[in-house]
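Trainee: The structure under discussion is supplied below as structure tokens; questions concerning it will follow.
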Amino acid sequence: MAGAGVREFKRRIRSVKNTQQITKAMKMVAAAKLRRAQESAEASRPYTETLQGTLARLTAVAYDVTHPLLEKREDILKVGYIVVTADRGLCGAFNSNIIRLTVQTITEDTRDVDHGIIAVGRKGRDFFRKRGEVDAEFVNLGDNVSYADAREIGQYIVNAYENEELDEVYIVYGKFINALRQVPTVVKVLPIDPPTKDEEVEERYVEYIYEPSAEEILLTLLPRYIGSQIYNAMLESKASEFGARMTAMGNATENAGEIIDSLTLKMNNVRQAAITDEILDIVGGAEALKKGGK
Amino acid sequence: MADNTFMLEIVTPEQIVFKDEVQFVVVPAVDGELGVLVNHAALVTALTIGVLRYREPSGAEKKMAVSGGFMEVVDNVARVLAETSERGSEIDILRAKDSARRARERLTQRNENINYARAQLSLNRAIARLKAAGEKLD
């Protein structure tokens, strides 16, 4: 009996519809969170830009300042990688792209150096923990990136750097281009390459008073600069994560729609075939009766 | 813009906390308090944990707790970059008192697991918050 086939199709369509509702909801949630993440990124810009501007001016004035965070080391024994991934999956290739870039950067480093991972986000931590490479982890930080977390990570790497446990530190994160495009990126954090003023033409020369001195201000600024760099990378990565999730869930919703369409079509075929069969049966039976009755 | 006011901006990594015209501002610089009036020369100064005071064009004085950072003054714009900053009126006094007490306790204990520098900073922050909120210190 063909009715069982139709019922089976109905069951499957219902199940796909449920999945579609979930992916649709996830897409909308990701879109809302993306907006919030972009707003926080926007809000952090005045701080970052002023910090960079002042730092660039200070390094120009106090060019002879030596500070361990500014010095390039001759012997590099161990390189640290801060890997910023999401805590959760279902965001397309976002996490695996960042992890892949990290692994690729490590393998392409031809120097004879050790490396350690500072994992920010659970997905990256899980991957590198299996390889036994995680030095420190910062997970379950939530959807709202806080500066306090970034500062703590900054403090960790500055300590490790000053104790010569690490000789170079990079951060790997998802650079946010737009909601549809995120580019995994590696940026050097330590030693600090101070920002330079070259792109921006100095409008006019301003003689600043430095209190207590340019050198001392510079020294207090450097750790802050690292904190703000990490904070920005985390913010961008968060926005990228939501962008990626939005796209992934959008695609999933679309695919579910296609499956539903094709299942509905097949179901109608089966039902139609069943009806045709029944009509043929009835017609056949009636004919037989007619013949028999003659 | 009135003649005797200038722009004060207080910026933290997470937001712009304050942006308005003021008559003057006193910031906790590393070598003691430092006041800025209109038409100040270009200046960059490092700040410590403490209380920032400013006077609104109406003459009212307000206080804020700031934790470290620096201030840049140029062209009648004073921009304070601090890691955290709270308005005196928005400070949770009980919480600040609590953290001051905790930090004091830690400082009096002898224990090598305690990071004294960190406890001291935490105490300084709590005191600054209490002062900004206009609380008396015990």
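The values are calculated or read from the model by the stated rules, or taken from the named source; none is laboratory data. Everything quoted here is computed from the prediction, not taken from an experiment. Virtual Cβ from ideal backbone geometry, glycine too; neighbours counted across all protein chains shown.
Trainee: With surrounded by fewer than 17 Cβ atoms within 10 Å (Cβ to Cβ), within 16 Å of the chain's Cα centre (by Cα), touching a residue at least 12 places away in the same chain (Cβ under 8 Å) and assigned to a helix (DSSP H, G or I) as the only criterion, which of A:100, A:88, A:12 stands out? Outline the logic, then answer.
Mentor: Values: A:88 fails: assigned to a helix (DSSP H, G or I); A:12 fails: within 16 Å of the chain's Cα centre (by Cα).
When all the criteria are applied, what remains is A:100.
Trainee: Scan the range A:143-170 residue by residue and report those that are within 23 Å of residue A:39 (Cβ to Cβ) and free of Cβ contacts under 8 Å to residues at least 12 places away in the same chain.
Mentor: Of everything in the range A:143-170, those that are within 23 Å of residue A:39 (Cβ to Cβ) and free of Cβ contacts under 8 Å to residues at least 12 places away in the same chain turn out to be A:146, A:148.
Trainee: Scan B:13, B:57 and give me the residue that is closer than 30 Å to residue A:234 by Cα and assigned to a loop (DSSP other than H, G, I, E, B). Break it down into steps so the answer makes sense when it comes.
Mentor: Working: B:57 fails: closer than 30 Å to residue A:234 by Cα.
So the residue among B:13, B:57 that is closer than 30 Å to residue A:234 by Cα and assigned to a loop (DSSP other than H, G, I, E, B) is B:13.
Trainee: Out of the range A:15-35, which residues are surrounded by fewer than 17 Cβ atoms within 10 Å (Cβ to Cβ), closer than 16 Å to residue A:143 by Cβ and not small (Gly, Ala, Ser)?
Mentor: Matches in the range A:15-35: A:28, A:29, A:35.
Trainee: Based on what the data block shows, is residue A:131 within 29 Å of residue A:24 (Cβ to Cβ) and surrounded by fewer than 16 Cβ atoms within 10 Å (Cβ to Cβ)?
Mentor: On the way: within 29 Å of residue A:24 (Cβ to Cβ): no; surrounded by fewer than 16 Cβ atoms within 10 Å (Cβ to Cβ): yes.
The answer is no for residue A:131.
Okay, residues lined up against (1) among the basic types (Lys, Arg); (2) surrounded by 20 or more Cβ atoms within 10 Å (Cβ to Cβ); (3) touching a helix residue (DSSP H, G or I) at 6+ places or on another chain (Cβ under 8 Å); (4) within 14 Å of chain B (Cβ to nearest Cβ):
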{"site": "A:161", "(1), (2), (3), (4)": "no, yes, no, no"}
{"site": "A:171", "(1), (2), (3), (4)": "no, yes, yes, no"}
{"site": "A:179", "(1), (2), (3), (4)": "no, no, yes, no"}
{"site": "A:218", "(1), (2), (3), (4)": "no, yes, yes, yes"}
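Trainee: Another question, then. Regarding residue A:105, is this residue over 17 Å from the mean Cα position of the chain (by Cα), part of a helix (DSSP H, G or I) and either within 14 Å of another protein chain (Cβ to nearest Cβ) or at positive phi (or both)? Spell out how you get there, then give the answer.
Mentor: Working: over 17 Å from the mean Cα position of the chain (by Cα): yes; part of a helix (DSSP H, G or I): yes; either within 14 Å of another protein chain (Cβ to nearest Cβ) or at positive phi (or both): no.
It is false that residue A:105 is over 17 Å from the mean Cα position of the chain (by Cα), part of a helix (DSSP H, G or I) and either within 14 Å of another protein chain (Cβ to nearest Cβ) or at positive phi (or both).
Here's the yes/no breakdown for (1) outside the structural domain of residue A:121 (by TED's automatic domain parsing); (2) at pLDDT 90 or above:
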| position | (1), (2) |
| --- | --- |
| A:209 | no, no |
| A:217 | no, no |
| A:235 | no, yes |
| A:240 | no, yes |
| A:253 | yes, yes |
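Trainee: In the range B:81-94, is there at least one residue being within 21 Å of residue A:149 (Cα to Cα), in a helix (DSSP H, G or I) and of a type outside the set (Lys, Arg)?
Mentor: no
Trainee: So, one more: Give the number of residues within the range A:38-69 that are away from every other protein chain (no Cβ under 13 Å) and assigned to a loop (DSSP other than H, G, I, E, B). Working first, answer last.
Mentor: Here is the first cut: in the range A:38-69, the ones away from every other protein chain (no Cβ under 13 Å) are A:38, A:63-69.
Now narrow it down to the ones that are assigned to a loop (DSSP other than H, G, I, E, B): A:63-69.
So the count comes out to 7.
Trainee: Now a separate question. Can you find even one residue in the range B:67-82 that is in contact with a Ser or Thr (Cβ under 8 Å, 6 or more places away or on another chain), under 14 Å from residue A:220 (Cβ atoms), away from chain A (no Cβ under 12 Å) and touching a residue at least 60 places away in the same chain (Cβ under 8 Å)?
Mentor: Checked against the condition, which is being in contact with a Ser or Thr (Cβ under 8 Å, 6 or more places away or on another chain), under 14 Å from residue A:220 (Cβ atoms), away from chain A (no Cβ under 12 Å) and touching a residue at least 60 places away in the same chain (Cβ under 8 Å), the range B:67-82 yields no hits at all.
Trainee: Looking at (1) modelled with pLDDT of 90 or more; (2) within 30 Å of residue A:180 (Cα to Cα), which is the one condition that is false for residue A:90?
Mentor: Evaluating residue A:90 over (1) modelled with pLDDT of 90 or more; (2) within 30 Å of residue A:180 (Cα to Cα) leaves (1) as the failure.
Trainee: If a residue must be over 13 Å from the mean Cα position of the chain (by Cα), within 14 Å of another protein chain (Cβ to nearest Cβ) and farther than 18 Å from residue A:51 by Cα, how many such residues does the range B:8-34 contain?
Mentor: Matching residues across the range B:8-34 total 1.
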